[in-house]
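Working notes, structure below.
The values are calculated or read from the model by the stated rules, or taken from the named source; none is laboratory data. All values derive from a computational prediction rather than experimental measurement. Positions of Cβ are backbone-derived with ideal geometry, glycine not excepted, and every protein chain shown enters the neighbour counts.
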Amino acid sequence: MAAAHDPAARLAARPAARPRSDDLLVLLAVARAGRFSGAAEQLGVDHTTVSRRIAALEDALGGRLLTQAASGWELTPLGHQAADTAARIEAAVGELTSPSAEPDPIQGVVRMSATDGFSAYIAAPAIAELRQRHPGLSVEIVTVTRRALQYRSGLDIEVVVGNPQTKRAHIVELGSYALGMYATRDYLARNGTPRTADELMTHPLVYFIDSILQVDDLDLPRRLVPRMRDSLTSTNVFVHVEATRAGAGIGLLPCFMADRHDDLVRLLPGEFNEHLPYWMVVRPDSLRIAAVSAVADALRARAAAFAPALAGRPR
């Protein structure tokens, strides 16, 4: 009876089934995109064709390959077995483009999400350096600030702020970054330089949109400066930095981003010096892929080298 519940045993128990290799590649596209429509766009076909090919593959393998989740389609255990086979087929086809060269296992598409600042200053340079050694690698980065979920379709790696509440994943703490209060010299000349926390709270705040903030650890103003009124708010931390530089108010900014600009002055660093952790979340099935493992290692190394900047330069 145990074999009936083992995906590998079910694959082996159907010698007459002949799944098509192109159907397997369709499944791989759905697994990466998380949606039929995204896979269809990637493959250059329509949604109906993707649905039909998945149905044919499920019929050939004798079981469900995908299950509907809140964030999109997720692979079943049998689907993971089939997708692993599809990834090997994709890699083998890729080797045909350079048959005389030693095949590079670090190739293909890796999909990840991270916050705006991490993506720009840690992920982008780390991946650029990695691609110099492995030109067959392609990395897609979705910039978003959110908490890690138990299941997230279409992503191999997530970098999140705060301790991720997920068990079925490989998680690594990448370090922590400091946040401080910043304003421009021109703003302070016009509006006065606050010398205490009470004085600072009379100024307008530049920060995230409170009503749609998804990360509890980023809900700092309610605790630190509860009386500050919002000036300009955004879901993008680069907007926070530029709005502060434009004089919209006092920004609660990551130090590693604000310290790059000489026109920004850090205020009351002894009182406002918060530190939040970056965590990397990798799906266990993705970690077995050489390209995903290489990207994860590159992110970890870059974050370690960038640690002094993350902590904020002395003022």
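Listing for the model above:
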{"read-out": "Residue tally, condition closer than 21 Å to L213 by Cα and either aliphatic (A, V, I, L, M) or at pLDDT 95 or above (or both), over segment 158-175", "value": "3"}
{"read-out": "Test: residue in segment 226-234 that is of a type in the set (K, R) and assigned to a loop (DSSP other than H, G, I, E, B)", "value": "yes"}
{"read-out": "Test: residue in segment 187-196 that is loosely packed, with under 15 Cβ neighbours inside 10 Å, part of a loop (DSSP other than H, G, I, E, B), in contact with a Leu (Cβ under 7 Å, 6 or more places away or on another chain) and not small (G, A, S)", "value": "no"}
{"read-out": "Single condition R18 does not satisfy, out of (1) at pLDDT 85 or above; (2) under 16 Å from L78 (Cα atoms); (3) part of a loop (DSSP other than H, G, I, E, B)", "value": "(1)"}
{"read-out": "Test: residue in segment 269-287 that is without any contact (Cβ under 8 Å) to a residue 24 or more places away in the chain and out of contact with any Phe, Trp or Tyr (no Cβ under 9 Å at 6 or more places or on another chain)", "value": "yes"}
{"read-out": "Criterion: of a type in the set (D, E, K, R), surrounded by 13 or more Cβ atoms within 10 Å (Cβ to Cβ), at pLDDT 80 or above and under 21 Å from V295 (Cβ atoms) - qualifying residue of R111, R64", "value": "R111"}
{"read-out": "H240 within 16 Å of T115 (Cα to Cα) and either surrounded by fewer than 15 Cβ atoms within 10 Å (Cβ to Cβ) or among the basic types (K, R) (or both)", "value": "no"}
{"read-out": "Qualifying positions in segment 197-219 - within 26 Å of the chain's Cα centre (by Cα), outside any helix (DSSP H, G or I) and closer than 17 Å to A243 by Cβ", "value": "V206, Y207, F208, I209, L213"}
{"read-out": "Verdict on L220 being buried (at least 17 other Cβ atoms within 10 Å of the Cβ) and either charged (D, E, K, R) or touching a residue at least 12 places away in the same chain (Cβ under 8 Å) (or both)", "value": "no"}
{"read-out": "Those residues of segment 243-281 which are aliphatic (A, V, I, L, M), surrounded by 21 or more Cβ atoms within 10 Å (Cβ to Cβ) and at pLDDT 95 or above, in sequence order", "value": "I250, L252, L253, M257, A258, L264, L267"}
{"read-out": "Pair list, Cβ < 7 Å and 6+ apart or interchain, from segment 78-96 residues that are over 15 Å from S286 (Cβ atoms) and among the aliphatic types (A, V, I, L, M) to residues that are at pLDDT below 85 and in a helix (DSSP H, G or I)", "value": "L78/P7; L78/R10"}
{"read-out": "Residue that is modelled with the lowest pLDDT, among those in segment 67-96 that are among the aliphatic types (A, V, I, L, M) and buried (at least 18 other Cβ atoms within 10 Å of the Cβ)", "value": "A91"}
